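So the structure is just underneath, and the comments pick up after that.
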Amino acid sequence: MNERTTITIPLAEVRSTIKARTALQGTLKGSARGTPKGRQVDSQARVDIAALLGASKFGVEIRRDLLIEYLHLIQDKFGALSAAHINALAEAMKLAQAEVYEVATFYHHFDVLKEGEEIPAALTVRVCDTLSCAMAGAHELLDTLPAMLGKDVRVLAVPCIGRCSDAPAVCVGQNAFGDGTVESIIHALKVKQTRGVPGIYTSLAAYRAEFGYKTYQDVVSGKRDADATIKEMEDSGLRGLGGAGFSTGRKWRIVRAEAAPRLLVVNIDEGEPGTFKDRYYLERDPHRFLEGVLIAAYLVGIDAIYIYLRDEYHHCRAILETELAVLKADPPGGKMLPHIELRRGAGAYICGEESAMIESIEGKRGMPRLRPPYVAQVGLFNRPTLEHNFETLFWVRDILEKGAAWFSSHGMNGRKGLRSFSVSGRVNNPGVKLAPAGITVNQLIKQFCGGMREGHRFYAYLPGGASGGILPASMGDIPLDFDTLQPHGCFIGSAGIVILSEQDKARDAALNLMKFFEHESCGQCTPCRVGTEKAAQLLTEKKWKTSLLEDLSQVMVDASICGLGQAAPNPIRCVIKHFAHEIS
């Protein structure tokens, strides 16, 4: 048996070791300095955030889903998001600082400052450089403005801001306008008009004078049977007018069959280049849209409504804020309205995708979800969710008042219904054109747009915005409607029609659009994030590597999570197929 070995340690050394270990533990716990680990919250920033959150229109309760709204409050007040304010907001919301930071840096309209970085210029001038505006001289404007405006004004090239018919479109502060020139921009800066003033639109009183909200009251009172009303919507043939084209009435039945509570989300993130119809109608007749919202909400059994409006539409937000307040104060028939929240986007095209929009409303990065489950079953806050585009709801009142047969009686070339076409480019009279579904682009140009501009000959067109593909003028007799363009590698989507002339090149248009997709990819999936970047590089070459581009396109279509990456190759494939003379 081995003898036990005794080791003697001097008492002074033991005490020294215990003291050092205690000091180390105190440091790790923050007790030595009286502060926690990590970046400390600035006391003045804490006061600033408390004041802003207290002034929030959403009430005193601090909510995780309002993170983006809180970031807007800081940006609007201080001109940027400093590290100090991000840290203080994270503390107030009991979130990790990284969680706030990742959301703030995801959205284009937030200026996140690095440590020691100065706040940007007091005013920012944003010039759209997407296709319609590029054709109208946006790049020349961008080259001229910095020297003209000086260092006190920041000039940025930005994606589509929804004024394609009045290209080039500009946003000075929060004041967006079309037909931008150096003179008009300087004037806007001089008058310091940072938020667009709403134009003349139909107020609640004027809308009610024309029997507004009568259909809604008939539905609520039971004068209109719920099942029969939904059947009327199904028979009308009204489909989603934001791109997917799903049957409106059928969607109502699907969500209605789900367990309560159910939610309604309205998509007014209209970021598809070449599309501006939602803004056009909202500027003129907001209550026709709101009545459609309330009718859908009542018939489906909706508990809360969330309206997601793109940040570029500041003046539309002013209209909705005003009219919603008036409507809530004096609801139709005296019946209390469902809970309604107006949410503000922050500059992310991807949030036009329904699940990405839902993520944004929840206060997160706008990244699309994998499906199934579908949002009708598991949507906003994990509840069954009815999701609609603005224009779809805008038509509800007219269809119910005039009947399904009235709506479906319109149409041309074997198609049924009405469509709102956003037309921009080389035509005499661009704008929103309400025309029969199935009209051809040749008919649209001649009958609704006053023909081509002087000195321009029809050469090509985009039938469905940036992601809808490009077709030559020789294919201008294809009916413009759902399911008619797919055989040609295109789709109508939100019906954004961009007209090109012989002075333009389809290959240049494809490059412009691919740069847009590269800029707007959320980065979640590699096929889209890397594919759009590599495609944009390949499209700059004088002679396109068509085999390589086709391989890349197929990977993006097959493996991208959402429609952005899946549709981004459409312009490439169309140019290779129909405009080979430009790329060889």
Subject >> Qualifying residue in region 448-465 (condition: open to solvent by less than 10 Å² (accessible area, probe 1.4 Å), assigned to a loop (DSSP other than H, G, I, E, B) and closer than 19 Å to D129 by Cβ) >> reply: yes
**OP:** Quick one: in region 330-353, of everything that is open to solvent by 30 Å² or more (accessible area, probe 1.4 Å) and under 22 Å from D218 (Cβ atoms), which residue is nearest to the chain's Cα centre (by Cα)?
**Re:** P338
Original post:
Residues in region 64-91 that are free of Cβ contacts under 8 Å to residues at least 12 places away in the same chain and farther than 22 Å from Q40 by Cα: how many?
Top reply: 1
**OP:** Taking D76 as the residue in question, decide whether it is open to solvent by 40 Å² or more (accessible area, probe 1.4 Å), in a helix (DSSP H, G or I) and not aromatic (F, W, Y).
**Re:** yes
Subject >> Residue that is open to solvent by 40 Å² or more (accessible area, probe 1.4 Å), under 29 Å from the mean Cα position of the chain (by Cα) and over 23 Å from L511 (Cβ atoms), where the choices are L444, L434 >> reply: L434
**OP:** Go through region 281-304 residue by residue and tally those that are touching a Leu at 6+ places or on another chain (Cβ under 6 Å) and outside any helix (DSSP H, G or I).
**Re:** 2
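Residues checked against (1) open to solvent by 30 Å² or more (accessible area, probe 1.4 Å); (2) within 30 Å of H85 (Cα to Cα):
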site	(1), (2)
D111	no, yes
I161	no, yes
S165	no, no
K190	yes, no
Y213	no, no
**OP:** Looking at (1) under 20 Å from the mean Cα position of the chain (by Cα); (2) in a helix (DSSP H, G or I), find the lone condition where C160 falls short.
**Re:** (2)
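This table checks each residue for (1) aromatic (F, W, Y); (2) at pLDDT below 95; (3) open to solvent by 60 Å² or more (accessible area, probe 1.4 Å).
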site: Y107; (1), (2), (3): yes, no, no
site: E118; (1), (2), (3): no, yes, yes
site: S132; (1), (2), (3): no, no, no
site: A138; (1), (2), (3): no, no, no
Original post:
So N175 fits all but one of (1) buried (at least 22 other Cβ atoms within 10 Å of the Cβ); (2) part of a strand (DSSP E or B); what number is the exception?
Top reply: (1)
Subject >> Filter pass, Q566 being under 21 Å from P159 (Cβ atoms), assigned to a helix (DSSP H, G or I) and not acidic (D, E) >> reply: yes
Original post:
Based on what the data block shows, is Y298 of a type in the set (F, W, Y) and closer than 30 Å to Y101 by Cα?
Top reply: no
Subject >> Subset of region 270-304 (residues that are open to solvent by 10 Å² or more (accessible area, probe 1.4 Å), among the charged types (D, E, K, R) and either under 20 Å from E362 (Cβ atoms) or touching a helix residue (DSSP H, G or I) at 6+ places or on another chain (Cβ under 7 Å) (or both)) >> reply: E270, E272, R279, E283, R288, D303
Original post:
In this structure, is I307 open to solvent by less than 30 Å² (accessible area, probe 1.4 Å), within 30 Å of F516 (Cα to Cα) and either of a type in the set (S, T, N, Q) or in a helix (DSSP H, G or I) (or both)?
Top reply: no
**OP:** Look at region 400-431 and say how many of its residues are of a type in the set (S, T, Y), crowded, with 17+ Cβ neighbours inside 10 Å and more than 29 Å from the chain's Cα centre (by Cα).
**Re:** 1
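The values are calculated or read from the model by the stated rules, or taken from the named source; none is laboratory data. Everything numeric here is computed off the predicted structure, so don't read it as measured data. Virtual Cβ from ideal backbone geometry, glycine too; neighbours counted across all protein chains shown. Side chains included, ligands, DNA and RNA excluded: accessible areas come from the protein's heavy atoms. Shrake-Rupley method; radii C 1.70, N 1.55, O 1.52, S 1.80 Å.
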